[in-house]
Amino acid sequence: MRHRPSRRPPVLPVVIGIVLAIVAGVGAVRAVWVSGSTGEGAGTSEARVDNRADRASRGDARCDGAPLTAPRELRGIWITTVDNIDWPSRRGLPDDQIKAEYLGWLDLARQRNLNAVFVHVRPSGDALWPSQYAPWSEWITGVRGKAPGFDLMKWMIDETHARNIEFHAWFNPYRGSQPAPNGAGPDINALAPDHPLRKHPEWAVVYPSVGTTGSRLHFNPGIPEAREFVEDSMLEAVEKYDVDGVHFDDFFYQYPVGDQDYPDEAAHRQYGGGKSKADWRRDNVNKLVEEMSRRIHKLKPWVKFGISPFGIWRNTTADPAGSPTRGLQSYDEIYADTRLWVQREWLDYIVPQLYWHIGFDVADYAKLLPWWVNVVKNTRVQLYIGQADYRVGQSGVWSDPAELDRQLALNRTYPQVTGSVHFSAKSMRGDALGSVSKYAAHFYSTPALPPVMAHLPDHTPDAPKVTRQAGGDKVTLRWQSKGASAAVYRVDGGKAHLVATRRGGDGEWSGAAGTYCVTALDRSWNESAPAIPAG
């Protein structure tokens, strides 16, 4: 996604230009710059805001008289496969090294007390699983259409779940190729032999035009058969694999390049139904979002559906309901009516990419954050924030390693903000200027449970049966339950604090001597009453 300014004539005499162009799915191009600057479901329901960090996970629950307290927030990273930005480190690695590198990202997630990963499994009309709709992704084996020697998707999900981390499958619905020379660019014949756009060239759109930097192929969002095919290709992964979430970033219609219009005039004439081209394009994207929401929850009601859009819906200069910003508008430029998706509750969560610093005059983090808080109010849609770890170390404000620390602190002043997702894994591991270590010490120092979504299936398990074995200054807990996972609490300072989580119903945990309780959780993170160990 590209954080670009509006192509409309500016209301203020400000020239807003394009920032950088790394082709990475959810994030590599994430800033709005001002010339001369060195910075940067129908209906609603009553809001269901789950407990945030340092609030009791069950207000009536006690462990030896002490109230349970556990952070309840989504903490995630995006793991990008495009151009091997995050993983694998390069194409064509042996299977063992592909696995070892992915396990390294899970180790990082555990080290930083994260509880979700968002893995790029459909970058460009391809797949990281054996699919009847798409060829194998070139970013794995180095050959378009060539599979690794194992079921990569199943293995990734199993390893992720073994660490009690959610696996959100990240899809780019309409991208058909990546720009040359690393990708096929605008050349259909350079795609894998079984790529769907080679079988259906009538679905293909080239944008920007051949000869323009970044030229690539897209599935035409305005052709109903193409949209249905794209939906089917993504739902195949939901049906075949135990994903926790389906995740899109902000790539629907391509970000505008100069004055080039998206070449879909023929489809508009055939399918426009009298709508203006802009309204028709927005309707095409709305249909994709609504249909995916309905189809996902019909197929597997517990799977979450979320989108990470560009951080600006519309500016107040274009719409009084917009944000106090002066940047590119997703509603007008990429035809993504992100506010509507929340209002209609087609999403379970939304992750606006707020990749600007606090005080940036074009798009101020401190002003966009409350705008998004107001968007989700009185809906069941959870609000997570996309954090710009990749920007730390850039000039201006981003040369201060405390900027992300300040942003996370500001997030916590709003109970509607129930998590953050960091772009990207490579940046979190790099820890530029010690910024990650800084915010992790302040905000991610203990494990956290993902927030409950009250509209998802609730199968709260009974309390587990727990035994305790003490020896010297150590204690070992063992439990049995029918839950999907378990949480371990330790009494300290008058409260029972979350110290660990484990996947599966039965399990064990060892730690320093003390007073402990164990709870069981279902797939949707609904939590049982605590059980005090016997023995």
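The values are calculated or read from the model by the stated rules, or taken from the named source; none is laboratory data. Remember, it's a predicted structure, so these values are computed and weren't measured experimentally. Here Cβ is always computed from backbone atoms with ideal geometry, including for glycine, and neighbour counts include all displayed protein chains. Keep in mind that these areas ignore ligands, DNA and RNA; they rest on the heavy atoms of the full protein, side chains included. Shrake-Rupley method; radii C 1.70, N 1.55, O 1.52, S 1.80 Å.
Figures for the structure shown
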item: Residues (closer than 17 Å to residue 355 by Cβ and either among the polar types (S, T, N, Q) or surrounded by 21 or more Cβ atoms within 10 Å (Cβ to Cβ) (or both)) located in region 427-452; result: 427, 428, 435, 436, 439
item: Neighbours by Cβ (under 7 Å, 6+ apart or cross-chain): first from region 422-446, within 16 Å of residue 89 (Cα to Cα); second modelled with pLDDT under 95; result: 424/27
item: Unmet criterion (only one of (1) closer than 30 Å to residue 502 by Cα; (2) buried (at least 24 other Cβ atoms within 10 Å of the Cβ); (3) among the hydroxyl-bearing types (Ser, Thr, Tyr)) for residue 355; result: (1)
item: Of all residues making up region 338-373, the number that are polar (S, T, N, Q) and out of contact with any Lys or Arg (no Cβ under 9 Å at 6 or more places or on another chain); result: 2
item: Test: residue in region 361-369 that is touching a helix residue (DSSP H, G or I) at 6+ places or on another chain (Cβ under 8 Å) and in a loop (DSSP other than H, G, I, E, B); result: no
item: Residue match in region 455-465 (condition: open to solvent by 10 Å² or more (accessible area, probe 1.4 Å) and touching a Leu at 6+ places or on another chain (Cβ under 6 Å)); result: no
item: Residue selected from region 218-234 under the condition crowded, with 20+ Cβ neighbours inside 10 Å and assigned to a helix (DSSP H, G or I), by the criterion nearest to the chain's Cα centre (by Cα); result: 234
item: Test result for residue 110, of a type in the set (Lys, Arg), open to solvent by 10 Å² or more (accessible area, probe 1.4 Å), farther than 23 Å from residue 145 by Cα and more than 17 Å from the chain's Cα centre (by Cα); result: yes
item: Residue match in region 239-254 (condition: assigned to a strand (DSSP E or B), buried (at least 22 other Cβ atoms within 10 Å of the Cβ), modelled with pLDDT of 95 or more and aliphatic (A, V, I, L, M)); result: yes
item: From the options 248, 229, 252, residue that is under 22 Å from residue 76 (Cα atoms) and among the aromatic types (Phe, Trp, Tyr); result: 248
item: Residue 57 vs. criteria at pLDDT below 95, of a type outside the set (A, V, I, L, M) and open to solvent by 10 Å² or more (accessible area, probe 1.4 Å); result: yes
item: Scan of region 278-289 for residues that are open to solvent by 60 Å² or more (accessible area, probe 1.4 Å) and either in contact with a helix residue (DSSP H, G or I) (Cβ under 8 Å, 6 or more places away or on another chain) or hydrophobic (A, V, I, L, M, F, W, C) (or both), ordered by number; result: 287
item: Cβ pairs under 7 Å, 6+ apart, first in region 361-376 and open to solvent by 20 Å² or more (accessible area, probe 1.4 Å), second modelled with pLDDT under 95 and of a type in the set (A, V, I, L, M, F, W, C); result: 361/34
item: Residue match in region 368-388 (condition: among the charged types (D, E, K, R) and touching a Leu at 6+ places or on another chain (Cβ under 8 Å)); result: no
item: Cross-chain or 6+ apart pairs with Cβ under 7 Å, region 82-93 first and open to solvent by 40 Å² or more (accessible area, probe 1.4 Å), then outside any helix (DSSP H, G or I) and among the aliphatic types (A, V, I, L, M); result: 83/23; 83/24
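For (1) within 30 Å of residue 300 (Cβ to Cβ); (2) in contact with a Lys or Arg (Cβ under 9 Å, 6 or more places away or on another chain); (3) crowded, with 22+ Cβ neighbours inside 10 Å, each residue gets a yes or a no:
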residue	(1), (2), (3)
473	no, no, no
477	no, yes, yes
485	yes, yes, yes
491	no, no, no
496	no, yes, yes
512	no, yes, no
527	yes, yes, yes
